[in-house]
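The block underneath contains the structure these notes are about, expressed in structure tokens.
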């Protein structure tokens with residue numbers, strides 16, 4: 001596996017991978033890799049001739065009181081994991097390489113970015129959209145792979161790529177890959193390592209309570225009351241607070257209060273022991 005840390009080196013390496021008309025799948029990450037990331041790499045390998053993975057802890061998507069400095073960085077370990085999965089190229093730019101002196105551009109995606117995590121983390125999705133747009137331009141992959149755990153992020157990226165005409169020629173397909181979960185159902189996340197043993201045990205109630213809420217909604221229970229019960233159940237289980245628990249249209253992310261023919265999604269963000277966990281599941 002090759003590693004590029006400058007844009008010039010990246011473009012030369014990508015050109016070599018494409019020399020015989022071969023396809024490239026991009027897996028953007030912030031490092032601290034786990035099985036969820038590796039699942040994306042495997043999906044990319046199945047669909048494309050080569051996999052390019054990026055590792056970049058993007059400062060523009062962190063708020064002033066968030067965990068940018070504490071976010072785990074383990075480039076050597078992550079690189080070894082990617083190589084063992086057959087990744088062809090690692091793009092690991094510095095902050096200065098990604099945002100050179102004088103950088104002033106910001107991409108803001110209205111609508112799908114404005115609720116949920118967008119409301120709780122102002123500017124977060126601007127940072128996501130901007131860095132992913134740069135990654136698409138830098139690598140120009142045939143396909144890009146993202147986990148569905150960050151469901152709102154996936155919706156923002158799809159809207160950004162559509163509106164800025166990035167799907168031709170840069171990214172033919174943006175693929176959402178189902179959430180990879182721990183044995184107790186908790187969605188895999190780099191931030192799970194922040195949890196103490198006690199908090200990690202309590203965190204396992206999140207997917208269980210979500211499944212119960214979905215079962216109740218699908219059985220005809222009123223959505224507002226069901227969501228209120230879900231929030232209280234999480235507090236009772238040891239969560240400190242619930243940022244949101246909402247039922248939304250799976251495409252537009254508009255709030256819904258009844259199940260209709262369109263696919264719906266239950267989205268939850270909750271805090272425990274100083275760690276913010278997010279999850280989502282299909283409904284109906």
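The values are calculated or read from the model by the stated rules, or taken from the named source; none is laboratory data. Just so it is clear, the structure is predicted and the values come from calculations on it, not from any experiment. Here the Cβ is made from the backbone with ideal geometry for all residues, glycine too, and neighbour counts use every protein chain on show.
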> If you go through the range 67-81 one residue at a time, do you hit one that is assigned by TED's automatic domain parsing to the domain that holds residue 123, crowded, with 17+ Cβ neighbours inside 10 Å and touching a strand residue (DSSP E or B) at 6+ places or on another chain (Cβ under 8 Å)?
Replying inline: yes
> Yes or no: residue 181 surrounded by 18 or more Cβ atoms within 10 Å (Cβ to Cβ), touching a helix residue (DSSP H, G or I) at 6+ places or on another chain (Cβ under 9 Å) and modelled with pLDDT of 95 or more?
Replying inline: no
> (1) crowded, with 21+ Cβ neighbours inside 10 Å; (2) outside any loop (DSSP other than H, G, I, E, B); (3) in contact with a helix residue (DSSP H, G or I) (Cβ under 9 Å, 6 or more places away or on another chain): which one isn't true of residue 60, the others all being true?
Replying inline: (1)
> Among the numbered criteria (1) touching a residue at least 40 places away in the same chain (Cβ under 8 Å); (2) at negative phi, which single criterion is violated by residue 69?
Replying inline: (1)
>> Looking at 214, 272 in this structure, which one is in contact with a helix residue (DSSP H, G or I) (Cβ under 6 Å, 6 or more places away or on another chain), more than 21 Å from residue 113 (Cβ to Cβ) and buried (at least 17 other Cβ atoms within 10 Å of the Cβ)?
In response: 272
>> Kindly evaluate residue 155 against the criterion of being outside the structural domain of residue 242 (by TED's automatic domain parsing) and under 18 Å from residue 42 (Cα atoms).
In response: no
> Among the residues of the range 123-170, how many are crowded, with 19+ Cβ neighbours inside 10 Å, free of Cβ contacts under 8 Å to residues at least 24 places away in the same chain and in contact with a helix residue (DSSP H, G or I) (Cβ under 6 Å, 6 or more places away or on another chain)?
Replying inline: 0
> What number of residues in the range 84-122 are surrounded by 16 or more Cβ atoms within 10 Å (Cβ to Cβ) and in a loop (DSSP other than H, G, I, E, B)?
Replying inline: 13
> How many residues are in contact (Cβ under 8 Å) with a residue 40 or more places away in the chain, surrounded by 15 or more Cβ atoms within 10 Å (Cβ to Cβ) and farther than 16 Å from residue 268 by Cβ if we restrict to the range 195-211?
Replying inline: 2
> Do you know which residues across the range 92-118 are under 28 Å from residue 270 (Cα atoms) and touching a residue at least 60 places away in the same chain (Cβ under 8 Å)?
Replying inline: 111, 112, 115, 116, 117
>> Filter the range 125-150 down to the residues that are assigned to a strand (DSSP E or B) and under 11 Å from the mean Cα position of the chain (by Cα) and list them by number.
In response: 145, 146, 147
